[in-house]
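K.L.:
Attaching a single structure in structure tokens format; questions to follow.
The values are calculated or read from the model by the stated rules, or taken from the named source; none is laboratory data. The model shown is predicted, which means the values in this text are computed figures rather than measured ones. Cβ sites come from the backbone with ideal geometry, for glycine too, and all protein chains shown count toward neighbours.
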Amino acid sequence: MRWDKLAEQQIRKAEAEGQLDDLSGAGKPLKPEMGESADAAGFRIMAEAGVLPREIQLRKERDALMAQIRAADDDAIRKALQRTLADVQLRLDIEQEARRKYMRADG
């Protein structure tokens, strides 16, 4: 799937969930900044609506788990967090590899 189609899909999903309701400038035409592509405009709209790509969500989750691991005093809790971190890291690696394959195939 191309980035523009992915962005469009995420925008449609956000619309269906009501995440784009009552945004500032609603109903007004977009004013793209100089040199801004349609993809960039779509990603900007998604960011303003609080819609994040799965890869970004997983990075944030990974970073939060790493902080919890550093702060954990109990070995059992630390090990449980490390297992969860391994799962999140695997899912993140899969997302990143899928994006790289897509970019090579679509480029």
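A quick yes/no check of all residues on (1) modelled with pLDDT of 85 or more; (2) out of contact with any strand residue (DSSP E or B) (no Cβ under 8 Å at 6 or more places or on another chain); (3) in a helix (DSSP H, G or I):
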{"site": "Asp21", "(1), (2), (3)": "no, yes, no"}
{"site": "Gly35", "(1), (2), (3)": "no, yes, no"}
{"site": "Val51", "(1), (2), (3)": "no, yes, no"}
{"site": "Ala67", "(1), (2), (3)": "yes, yes, yes"}
{"site": "Leu81", "(1), (2), (3)": "yes, yes, yes"}
{"site": "Asp87", "(1), (2), (3)": "yes, yes, yes"}
{"site": "Arg99", "(1), (2), (3)": "no, yes, yes"}
{"site": "Arg104", "(1), (2), (3)": "no, yes, yes"}
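K.L.:
Separate question: Need the failing condition index for Ala76 against (1) modelled with pLDDT of 95 or more; (2) outside the structural domain of Arg104 (by TED's automatic domain parsing); (3) not polar (S, T, N, Q), just the number.
P.N.:
All conditions are met except number (2).
K.L.:
While we're looking at this one, here's another question. So is Leu58 modelled with pLDDT of 80 or more and in contact with a Ser or Thr (Cβ under 7 Å, 6 or more places away or on another chain) or not?
P.N.:
It is false that Leu58 is modelled with pLDDT of 80 or more and in contact with a Ser or Thr (Cβ under 7 Å, 6 or more places away or on another chain).
K.L.:
Tell me which of these Arg2 doesn't satisfy, since it passes every other one: (1) within 18 Å of the chain's Cα centre (by Cα); (2) modelled with pLDDT under 75; (3) of a type in the set (D, E, K, R); (4) loosely packed, with under 11 Cβ neighbours inside 10 Å.
P.N.:
Unmet condition: (4).
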